[in-house]
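See structure below.
The values are calculated or read from the model by the stated rules, or taken from the named source; none is laboratory data. Not measured: the values here are computed from a predicted model. As a convention, Cβ positions derive from the backbone with ideal geometry for all residues, glycine included, and neighbour counts pool all protein chains shown.
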Amino acid sequence: MNIVLLTSSRADYGIYLPLLRRLEGDDFFNLSIVAFGTHLSEKHGYTLNQILADGFKVVHTVETLPSGDLPADIASAIGLTTLKFAELWAALHRHTHLIICLGDRYEMFAAVCASVPFNLPVAHFYGGETTEGAIDNKFRHAITQMAAYHFTATETYAQKVAAMTGSTQHVYSVGSLSLDNLLSLPLLDANAFFARYGINLHKSTILVTFHPETVQPEQNIFYTQELIKTLTAASALYQVVITMPNADTMGNIVRTQLLAFAQTQPDRVFAVENFGTQGYFSCMNLVTFLLGNTSSGIIEAASFGKYVINIGNRQQGRACSNNVLHTPINTQSMLAAIDAVEKLPPFTGINIYRQQNVAERVISILKTLFTNNTPLPH
């Protein structure tokens, strides 16, 4: 069975990782990885190298990064990505049995959209979710409509996908693939982390990831300034580790301000482009709590027993475990949330996204579908 798997960023690659290992190790599947988006960007850490270092072969790369971060740049990138993938699918469609895609990025939307005239079946992770503060919300739902097979993170999301598509057929609630990493990925202790990254996580530390809000992008300068004021106050008691934002509308402005802030306190504030999956999960495991608006705070942090201060609207609408506190993006509210987290007992609750053996179950579903029920095309 010939599978083409699309990965456009460090974020989706880290989620895919357990599935990639299963696909690569099973003779039933012939895996082709297509890397595009920020994987090919030096500014974003050129994470194509991470894929190769993990032992995977990337069959095709597609340059799709926008020239800037204004709305017109993002719109142009969508069109350019569609054109480039039209050429790719024209070359690959006769030998492709399934496309696997993940998420809600505009690049992923464009890549999948270009496959529709070729009638290629698409398996989509993770539909049914809602993110009110990001235009990604529209791209996610659009990909759901273009997909034939749907793998969701919770049963509630499976029901939403079924409502959107008008059918429960081929909708599977499997849980979060990224949490399978906890079963096989060895985490670094504080000493090993310091040796690799030069950051001493024996000290109390906040892990921060802030992506632009793309529904109201004009607010991002103000939001970043409020975040920096908050972190400046908090840095009296905490180290701050900042991971850099996605290539979104206004992303360059946010990135520039955060990097400049890190330079003002180089012994207390650390800006990191890309930890990789092991480094990022190790950091999450060792820090005191998380602050920002990244999906990893919603989905993975509960499994590490970490509280998360989720700021603004980017992740609003997503189901959350009881470790997540929501607050507006203003300094007073964020400092109050930090004060509240400091008074909470250690988090020992469940992660609502956790299911057992996610990658293994996905593999089983694909084998059943493409052996018994669905004839292989071409």
Note to self: Among (1) free of Cβ contacts under 8 Å to residues at least 60 places away in the same chain; (2) under 15 Å from residue 339 (Cβ atoms); (3) surrounded by 16 or more Cβ atoms within 10 Å (Cβ to Cβ), there is one condition residue 237 misses while meeting the rest; what is its number?
What the structure shows: (3)
Note to self: Tell me whether region 348-364 contains one or more residues that are modelled with pLDDT of 95 or more, of a type in the set (S, T, N, Q) and within 21 Å of residue 287 (Cα to Cα).
What the structure shows: yes
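Per-residue answers, yes or no, for (1) assigned to a strand (DSSP E or B); (2) under 21 Å from residue 316 (Cβ atoms); (3) modelled with pLDDT of 95 or more:
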| site | (1), (2), (3) |
| --- | --- |
| 208 | yes, yes, yes |
| 214 | no, yes, no |
| 221 | no, yes, no |
| 231 | no, no, yes |
| 247 | no, no, no |
| 252 | no, no, no |
Notebook entry, point to check: Looking at region 175-206, which of the residues that are of a type in the set (Gly, Ala, Ser) and either modelled with pLDDT of 95 or more or surrounded by 14 or more Cβ atoms within 10 Å (Cβ to Cβ) (or both) is nearest to the chain's Cα centre (by Cα)?
Noted result: 178
Checklist line | Those residues of region 61-101 which are under 21 Å from the mean Cα position of the chain (by Cα) and either part of a strand (DSSP E or B) or not assigned by TED's automatic domain parsing to the domain that holds residue 20 (or both), in sequence order | finding: 61, 62, 99, 100, 101
Check: For region 283-378, which fully contained helices (runs of 4 or more DSSP H) count at least 2 residues that are of a type in the set (S, T, N, Q) and under 20 Å from the mean Cα position of the chain (by Cα)?
Finding: 295-299
Next item on the list: Scan region 266-279 residue by residue and report those that are modelled with pLDDT under 95 and within 14 Å of residue 244 (Cα to Cα).
Entry: 273, 274, 275, 276
Check: Got a number for residues in region 145-174 being surrounded by fewer than 22 Cβ atoms within 10 Å (Cβ to Cβ) and part of a helix (DSSP H, G or I)?
Finding: 11
Item checked: Any pair with Cβ under 7 angstrom, 6 or more apart, that starts in region 339-356 at a residue that is exposed (fewer than 10 other Cβ atoms within 10 Å of the Cβ) and ends at one that is modelled with pLDDT of 95 or more -> 346/305; 348/305
Item checked: Lone qualifier among 91, 114, 123 - being in contact with a helix residue (DSSP H, G or I) (Cβ under 9 Å, 6 or more places away or on another chain), modelled with pLDDT of 95 or more and under 13 Å from residue 4 (Cα atoms) -> 123
Item checked: Residue under evaluation residue 293, criteria (1) in contact (Cβ under 8 Å) with a residue 60 or more places away in the chain; (2) over 24 Å from residue 199 (Cα atoms); (3) buried (at least 23 other Cβ atoms within 10 Å of the Cβ), criterion not met -> (2)
